[in-house]
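Written below as C-alpha cells is the structure these notes are about.
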Amino acid sequence: RPHRRHVFRILTLVLLLQLPFTFFYFQQYTGHDDGKEVVHGDVLLDRGLVVEVGNVSKKDLDGLKYIKVVDAKGRWITPGLVNLHSHIGVDSAPHLDGAADTNLRKASILPWLRSPDGIDTHDQAFELTVSGGVTTAQVLPGSANDIGGPAFVIKLRPTDKKSTMSKVVEPPQTLIKPPENVTHVHWRHMKHACSENPDRVYSQIKLAQDVFCEAVEAGDRENVDGKDIPAVDLDMTVRVRPLIPPVSLSSLLLIHNFQLSNEFEFRVTSFHHLVPNLLKKTFGGPPTIALFASNARKKREAYRNSEFALRILVSHGIPSDHPVLNSRYLVFEAQQAHSYGLSTELALASVTTTPAKAAGLSHRVGFLSKGYDADVIVWDSHPYSIVGGTDTVICAVDGLAFNERNLLHAYRNGITKAITAPTGNGFIQGLSTEFFPGAETSLDHRAIIREEAAIHVTIGHAVDQSISTQVSALRELLFELDASVWKRVRSREVPLVINVDSADIMSTLIRLKESYKRQTRDNFDLTFVGASEAHLIAHEIAKEGISVAITMPRPYPGSWESQRILSGALLTHDGIVMKLLHASVNVGIGIVDGHSARNTRFEAVRPALNSFGEIGPWKVLALVTVNLECALGDARRHGRKVDGTAAELVVYFESRVVGVVSSERGITDLF
C-alpha cells in the first residue's frame with residue numbers, strides 16, 4: 001500500500017554463498033522495469049551467483065548436492081544494498097587519530113592516495129554495516145582533499161584472505177601490478193571534494209592550487225608535494241575515463257565543477273549533498289545525486305535543504321557518508337525519502353540499482369537476476385513498511401532562538417515540547433529549558449514551559465580533565481557546594497542529567513549515588529543521557545531508580561566509550577531499549593541534533609519493530625513523551641501522576657502529521 005511508511009528488520013542475509021541455496025516462496029524485488037518488477041517464486045543461488053529467479057525447476061537442481069532450502073513464506077527478498085558514498089574502514093570505529101585515514105593533511109591535491117591502502121578489514125563497521133543489508137560500498141579517500149585519490153568499490157563480506165584486495169570488486173591492473181606491467185588502464189573512480197571542507201581543513205586553497213599547477217606545468221618537481229611518487233594518477237584524472245564523485249554543497253561551486261567537466265571532458269558520476277537544477281550541464285549527461293534524505297543544515301552550505309529534493313530530482317542515489325551516518329542504516333535514509341514523497345520503486349532503486357549503475361557495476365550488483373552476484377537480503381516485511389564556574393550556571397533559556405527552520409520542521413512533524421541544554425564541551429553545560437517549538441518568540445503564551453528543567457553535566461574523555469578528576473568535582477558539587485542550583489538538585493527540585501556513554505563511568509556514578517544516600521540519608525534524581533553501554537548494567541541502573549535517555553537508538557561505536565554497543569537484530573536478539581525495559585528502567589529516546597528532531601517518530605518506532613512484539617504502540621509513544629518527562633524531572637518535581645493524559649494531540653492522516661491541537665495553549669494548528 002503506497003501510503004504506509006515502514007521501518008525494516010532483516011531476517012536473513014546471504015553473501016556470495018559457496019553451497020547451493022534455495023529460497024522457496026518469495027516476493028522478489030528484482031530492480032528491473034524501473035524498479036516495478038516483482039517476481040513471486042523461488043531463488044536459487046550457487047557458487048556466489050544467482051542461478052535462477054522465479055521458477056526453480058528440477059532440471060536446475062540436477063547435479064547439485066547438499067542444497068539448503070529455506071521456506072520464506074512469502075517474505076520479501078531484494079538485492080544487497082549498495083552504498084555509493086562511504087568511508088568504511090578508512091575512518092575507524094571506534095575513532096582513533098592514529099587509524100583515521102580519510103584525509104591526509106599534507107596537501108589538498110593527492111591523486112595517488114588509494115582508499116584500499118588505508119582500509120582496515122577488521123574494523124567493527126564491516127559487521128555492523130552488513131547487518132543492515134549493505135553488501136557493496138564505494139570507499140572514498142579524502143573527505144576534504146581537492147583530489148583525494150582513487151576510490152574503490154568493495155564487497156563487505158568476510159574473505160578467507162582477510163585482505164583489502166580480496167574485497168575489491170573488479171580491481172584494475174593498476175591496483176595489483178607495478179606500472180611497468182600494466183597493459184590496460186581500466187576506468188577508475190577519482191574522489192574530488194570542494195566547498196567548505198577543503199577550505200576548512202587546508203585554508204588558502206586557491207593559492208595552494210595555483211602553486212601546485214604552476215609547478216607541474218613548469219616541470220618543477222622539487223616544488224610539487226609528493227614529488228617522489230609518480231603523478232600518473234593526476235594525469236589520469238583528465239585523460240583516462242575517470243568516474244568522479246565530488247562533494248559539493250554550493251551552487252556556485254557546482255557551476256565550476258560543470259565547467260571543468262566540459263573543459264577536460266571527464267564524466268561526473270555522482271554529486272554528494274545539495275544539488276540545484278544545474279545537472280544537465282555536466283559532460284556526458286546528468287550525474288547521479290548521492291544525497292542524504294534529511295541530514296542537513298549542519299553548516300552554511302547545507303542550510304537551504306529540502307526533504308522533498310529526492311522526490312523532485314530525476315536520478316537518485318542515497319548514501320550514508322559513513323561514518324557521518326552509520327552505513328548500517330542506509331535503508332533508513334531511503335525510508336525517510338519515501339516518507340517525503342519518493343515513490344517506493346525509486347526509493348528501493350536509490351540504494352540498489354541506481355548506485356550500482358553510477359559505480360559502473362550494474363552488470364553484477366544492484367539487481368536480482370540470473371548470473372548476478374548472490375548478494376541477497378530477506379526481509380520480514382516490505383523494506384518501507386511501518387507497523388563556567390560552579391556558582392554561575394549558564395541557562396539555555398537565555399539563548400533560545402524561535403521561528404527557526406529546524407524548530408518549524410520539528411513542530412510540523414509532531415514535536416510539541418522540546419528540552420535543550422546549553423551547548424559546550426566542558427564539564428558543566430548548564431540548565432536546560434523546556435519550550436514549545438511552534439512559538440514565534442519567547443514572549444508567546446506558554447512558549448517557555450520550564451525555564452530550568454535540569455542541570456546538565458558531561459563526564460567522559462572528551463572533557464580535558466581525567467575521569468577521576470571529573471567525578472571528584474561532581475562529588476564536591478553534590479556534597480558541599482552551596483550554590484542555589486546544586487541545593488535544588490539535593491532537594492530534588494531539578495534532576496541531575498549526566499551525558500555519559502561508558503558503562504564503567506556509569507558504574508562509578510552509581511557508586512557515587514549510593515555513597516550520597518549513605519552519608520546524607522537522602523537522595524537526588526539522576527538521569528543518564530547517551531548511555532550507549534547502559535545495557536551492561538541495566539539492573540543496577542533500575543535498582544537505583546536512574547532514568548536513561550538513549551540518544552543513539554541506532555547504535556554505532558563511534559568512540560571507545562561507546563564501543564560495547566548492543567547492536568540489535570540481527571546481530572543480537574535485544575536492542576538497548578528492549579534490554580533496559582526488561583530491567584524495568586525508565587527509558588526514553590532523545591534526539592540531539594536539531595536538524596534531526598523532526599525524525600523523532602521514526603527513531604521511536606524502530607525499537608518496537610525489533611522487539612518481537614514486546615513493545616506495543618503505547619510504549620513506543622511513551623519513549624518520546626511521558627518517559628522523557630519522568631527522566632527530566634517534570635512529573636516528579638510537580639508531584640503529579642504521569643498517566644499519558646494528553647494536553648496536546650498530534651493529528652495524523654495516514655502517516656503524515658497534519659495538525660496539532662493544544663488545550664494548554666488554546667490553539668489548533670493545521671499543516
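Going down the table (Lys417/Lys619; Lys487/Lys513; Lys68/Lys357), which pairs top 26 Å between alpha carbons?
Correct reply: Lys68/Lys357.
Quick one: dipole size for the range 396-670, taken about the Cα centre, charges +1 on Lys/Arg Cβ and -1 on Asp/Glu Cβ, in debye to the nearest 20.
Roughly 540 debye for the range 396-670.
Hey, rough spin-label estimate for His32 and Ser343, points 7 angstrom out along Cα→Cβ, what's it come to in nanometres?
1.8
Quick one: which of 138-149, 430-441 comes out on top by average Cβ neighbours within 10 Å, and what's the full order, highest first?
Result, highest mean first: 138-149, 430-441.
At a Förster distance of 35 Å, what's the computed FRET efficiency of Thr441 paired with Lys487, Cβ-Cβ distance as r, to 0.05?
The calculated FRET efficiency here is 0.65.
How do the peptides 526-539, 498-511 rank, highest first, by the average count of neighbouring beta carbon atoms within 10 Å per residue?
526-539, 498-511
If each residue's Cβ is checked for other Cβ atoms within 10 Å, how do Cys630, Cys213, Cys395 rank with the fewest at the top?
Cys213, Cys395, Cys630
Using the structure shown, list the pairs from Lys73/Lys370; Lys65/Lys370; Lys73/Lys167; Lys36/Lys167 with a Cα-Cα distance above 25 Å, or answer none.
From the list (Lys73/Lys370; Lys65/Lys370; Lys73/Lys167; Lys36/Lys167), the Cα-Cα distance tops 25 Å for Lys73/Lys167; Lys36/Lys167.
To one decimal place, what orientation-averaged projected area in nm² is obtained for the convex hull of the Cα set of the range 485-641?
Computed as one quarter of the Cα hull surface, the answer is 9.6 nm².
Order these by the 10 Å Cβ neighbour count, fewest first: Lys65, Lys177.
Fewest to most other Cβ atoms nearby, the residues stand as Lys65, Lys177.
Please provide three numbers in whole Å: the alpha-carbon extents of the range 27-169 along the principal axes, with the largest listed first.
Cα extents, longest axis first: 61, 35, 25 Å.
Over the range 396-670, with a single point scatterer placed on each C-alpha, what log10 of the ratio I(q)/I(0) does the Debye formula yield at q = 0.15 1/Å?
The computed values of log10 I(q)/I(0) come out as -1.19.
In whole Å, what are the extents of the range 82-128 along the principal axes defined by its C-alpha atoms, from largest to smallest?
The Cα atoms of the range 82-128 stretch 32, 26, 14 Å along their principal axes.
Read-outs: derived from the displayed coordinates by stated rules, not from any lab. Keep in mind it's a predicted model, so treat the numbers as computed, not measured. Cβ: placed from backbone, ideal geometry, glycine included. Neighbour counts: every protein chain shown.
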